[in-house]
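A.B. asks: The structure follows.
Bear in mind that the values in this text are calculations on the coordinates, not laboratory data. On a predicted model such as this, the values are computed, not experimentally measured, just so you know. All Cβ positions, even for glycine, are placed from backbone atoms using ideal geometry, and neighbour counts span all protein chains on display.
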Amino acid sequence: MKTYLVGGAVRDRLLGLPVRERDWVVVGSTPEEMKALGYRQVGKDFPVFLHPKSHEEYALARTERKTGPGYHGFECHAAPDVTLDQDLRRRDLTINALAEDTQGEIIDYYGGQEDLQNKLLRHISEHFCEDPVRILRVARFAARFARLGFSVAPETMSLMRDMVDNGEIDALVPERVWQELRKALSEQKPSAFFEVLRECGALKVLFPAIDRLWGVPQPEKWHPEIDTGVHTMMVLDAAARISDKGAVRFAALTHDLGKGTTPKDQWPSHKMHEARSKGLVKQLCARYKVPRDYTELALLVAEYHGHCHKAFELRPDTILRLFKNLDAYRRPERFEDFLVACEADHLGRTGYEDTPYPQAEFLRRAQRESSTIDIVALRESGLEGTALGNAIEKKRLEIIQALDRLKKE
């Protein structure tokens, strides 16, 4: 029985990055022996065990055989005679197939260390094409390591295109697509995820509403970058710079989907694109069973980001109505997320990357100060029901009007 540290822990240490978690492969053992040593089995599809003290995962060396379409179509074989080489060969990328023995020696059968030096994401073997999830994983690693200068190897990109053309990607289930998308949104440069998917043709299959944005022009006065797809990626990366919340980043990604359906004879104008964006966000979220908090924020940003940009032009009663539509008084944290997503939209334009966005602070102050109504005192004055609600709204409007006068002065 021999144990090896494998995968991301070895890769990240060699890159000088923090090691988040450690995974181990066990060669020459059986489930019975592992249990006898105190390991607790947790794997259902193949033998994975938790160490009795560290609780790190130890998986028996295994091989896989393709038996059907999609990433579920595999038959796993774990036995004492399965070698470390055989186990590592089933992995996706060379940089993820590195191992380290108990003496600290690196074991590299597939050139992973050289690819780390050359900053390449390269597949190990032809078995890569058996699992469509690997397309998403390559795109996600591109987003993770973009800041280090990594790119997808040409032969791997070609193989991914073939997988898309052959319909292998059609076998992906919604839950797994969302799982990979959610992880990609957490990376430092999430736009790289979509750029890789677009290059291999997967974006138009998995996210057609996003894919349609490229080649759609916007008014150069407000969008020097012109192209809506380019703008969307800039907004997404801006959101990643100013917020670590996945829901904010997702809202930034989907805020302008409606521009992809604007008739060409109306370009570069995009009247009523907010309503179309809202409908497309609903479709995307339904398709991939996106969590409620992500969906709700994305819908609000899609519909009302224009109001936020025009905050200084809105009448006080319109601002109050905006707050009600955003449920800003009962959901102040989500309101803040809305403002941050709108700020990312402002920053995601050529030449605007480091410019202030005073509209957000104005709306933030208006919401905060108009939240200080003494409702208890109003109730004690005898108001209740509709009369109480009207009184609260009147006082909130008065506060917003006072701020509006200061703004104009």
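A.B. asks: To check you understand DSSP bridge types, tell me what percent of the beta bridges within the chain (both residues inside) are antiparallel, rounded to 5.
C.D. replies: Working: 21 of 27 bridges.
Percent antiparallel among DSSP bridges in the chain is about 80.
A.B. asks: In the structure displayed, which of Lys278/Lys394; Lys245/Lys278; Lys189/Lys324; Lys245/Lys271 lie more than 26 Å apart, Cα to Cα?
C.D. replies: Distance filter (> 26 Å) returns Lys278/Lys394; Lys189/Lys324; Lys245/Lys271.
A.B. asks: Among rounded, prolate and oblate, which fits the stretch 59-196 when a ≥ b ≥ c are the square roots of the eigenvalues of its C-alpha gyration tensor, a/c under 1.5 means rounded, and a/b larger than b/c means prolate? Provide the component values of the computation, followed by the final result.
C.D. replies: Values: a/c = 1.74, a/b = 1.13, b/c = 1.54.
Note, shape of the stretch 59-196 comes out oblate.
A.B. asks: Okay, moving on. If you fit an axis through the alpha-carbon atoms of helix 273-287 and take the longest principal axis of the Cα set of the chain, what angle between them do you get, 0 to 90°, nearest 10?
C.D. replies: 30
A.B. asks: Give the cross-link partners of Lys35 among the lysines, using a straight C-alpha distance below 27 Å as the criterion and excluding same-chain residues fewer than 8 apart.
C.D. replies: Lys2, Lys44, Lys53
A.B. asks: Could you tell me, in Å, what Rg and Dmax come out for the Cα atoms of the stretch 115-169?
C.D. replies: 11.1, 33
A.B. asks: For a test of the definition: using alpha carbon positions, the gyration tensor, and the 1.5 limit on a/c, classify the stretch 1-118 as rounded, prolate or oblate.
C.D. replies: The shape class here is oblate.
A.B. asks: Using a Förster distance of 30 angstrom, determine the FRET efficiency expected from the C-beta separation of Arg89 and Ala36, and round it to 0.05.
C.D. replies: 0.55
A.B. asks: Report the one residue of Leu136, Gly201, Gly149 whose Cα lies farthest in the direction of the positive end of the charge dipole of the stretch 119-206 (charges on C-beta: Lys and Arg +1, Asp and Glu -1; origin at the Cα centre).
C.D. replies: Gly149
A.B. asks: Per-residue ellipticity at 222 nm for the chain, helices alone: DSSP H runs ≥ 4 residues times -39500 (n - 2.57), over residue total, nearest 500 deg cm²/dmol?
C.D. replies: -15500 deg cm²/dmol
A.B. asks: Same structure, new question: Under the 0.36 nm per residue contour assumption, what length would be gained going from the current alpha-carbon distance of Thr102 and Arg176 to full extension?
C.D. replies: 23.2 nm
A.B. asks: Let me ask you something else. Going by a ≥ b ≥ c, the root eigenvalues of the Cα gyration tensor, does the stretch 119-206 fall in the rounded group (a/c under 1.5), the prolate group (a/b larger than b/c) or the oblate group?
C.D. replies: Because a/c hits 1.5 or more and a/b fails to exceed b/c, the stretch 119-206 counts as oblate.
A.B. asks: Assigning unit charges at the beta carbon (Lys, Arg +1; Asp, Glu -1) and nothing else, what dipole magnitude in debye, to the nearest 20, does the chain show about its Cα centre?
C.D. replies: Dipole size: approximately 1280 debye.
A.B. asks: By counting other Cβ atoms within 10 Å of each Cβ, how are Arg331, Arg147 ranked from fewest to most?
C.D. replies: Arg147, Arg331
A.B. asks: Taking each pair of distinct Cα atoms in the stretch 262-409 once, what is the resulting Kirkwood hydrodynamic radius in Å?
C.D. replies: So the Kirkwood estimate lands at 17.2 Å.
A.B. asks: Give the cysteines in the chain for which no other Cys Cβ lies under 4.7 Å away, or write none if there are none.
C.D. replies: Flagged as lacking a Cys partner: Cys76, Cys129, Cys200, Cys285.
A.B. asks: Where the only charges are on Cβ atoms (+1 Lys, Arg; -1 Asp, Glu), what is the dipole of the stretch 1-118 about its Cα centre, to the nearest 20 debye? Mind showing how you got there, number by number?
C.D. replies: Values: 15 positive and 20 negative charges, 74 e Å.
Taking the Cα centre of the stretch 1-118 as origin, the dipole is about 360 debye.
A.B. asks: Can you pull the semi-axes for the stretch 180-244, root of five times each eigenvalue of the Cα gyration tensor, sorted largest first, whole Å?
C.D. replies: Each semi-axis is the square root of five times an eigenvalue, giving 20, 17, 8 Å.
A.B. asks: Along the charge dipole of the stretch 1-118, pointing to its positive end and built from +1/-1 on Cβ of Lys, Arg, Asp and Glu, which listed residue (Thr102, Gln86, Phe49) has its Cα farthest out?
C.D. replies: Phe49
A.B. asks: Any idea which of Pro31, Leu388, Val6 is furthest toward the positive side of the dipole for the chain, if Lys and Arg beta-carbons carry +1 and Asp and Glu beta-carbons -1?
C.D. replies: After comparing all options, I get Leu388.
A.B. asks: Then there is this: In debye, nearest 20, what is the charge dipole magnitude of the stretch 116-226 about its Cα centre with +1 on Lys and Arg Cβ and -1 on Asp and Glu Cβ, if you could check?
C.D. replies: Roughly 540 debye for the stretch 116-226.
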